[in-house]
Amino acid sequence: MSRRHRFLLKVNRRELATILAALRFHQDENLQGGGTIPDQVIADIATDGGTRKPLNAKAVDALCQRLNPEHEPAGMIIKPPDRERGPEPLFRVVYIVDVNSGDRHEAARYAHRIMADPKSQPPVLHVIEHTGRATLVDLSEEGQGRRTQRRKPRRG
């Protein structure tokens, strides 16, 4: 997009949350097939009256991440998994742990010990769907596996 077509949009957090929710809904409801947008009114909006090519699901995901970058780990972009063609959906599960260590390899070994230790506190995991929708799952919460926060976001 050329600079002369860009514009500054000032919104508050509540408005941003609504924009992100609308983008994620559009991504889930209208862009799953990868072809044309089924709802003609939405298609007209998404194509600016047929004058522009609509964003695909990956482009919507990238836009959501740009709009809400503070929910992404600093310096790290984790892409969603490819769409699974098998009988069950494919998820990317991300475990983030900070450890003090003398070097990278020692840090990785220490993190692995924490992950494998049955006495460790159950973690909070980022679970990413192929659509880019990310959910924080806190396994230490009552009713193990209960969703605690939805984002995206990844797939915003």
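A few remarks follow.
- The single condition among (1) closer than 30 Å to ASN56 by Cα; (2) part of a loop (DSSP other than H, G, I, E, B); (3) at pLDDT 90 or above that VAL93 does not satisfy is (2).
- Matching residues, the stretch 33-53, being part of a helix (DSSP H, G or I) and surrounded by fewer than 11 Cβ atoms within 10 Å (Cβ to Cβ): GLN40, VAL41
- Matching residues, the stretch 82-130, being within 30 Å of GLN32 (Cα to Cα) and loosely packed, with under 10 Cβ neighbours inside 10 Å: ASP82, ARG85, GLY86, PRO87, GLU88
- Count of the stretch 1-17 residues, restricted to those that are assigned to a loop (DSSP other than H, G, I, E, B) and either at pLDDT 85 or above or farther than 12 Å from ASN68 by Cβ (or both), is 8.
- Residue within the stretch 21-32 that is modelled with pLDDT under 85, out of contact with any helix residue (DSSP H, G or I) (no Cβ under 7 Å at 6 or more places or on another chain) and surrounded by 15 or more Cβ atoms within 10 Å (Cβ to Cβ) present: yes
- Counting the residues of the stretch 94-146 that are in contact with a Ser or Thr (Cβ under 9 Å, 6 or more places away or on another chain) and of a type in the set (Val, Ile, Thr) gives 6.
The values are calculated or read from the model by the stated rules, or taken from the named source; none is laboratory data. Computed from a prediction, not measured in an experiment: that's the story for all the values here. In this analysis, Cβ positions are derived from the backbone assuming ideal geometry, glycine residues included, and neighbour counts consider all displayed protein chains.
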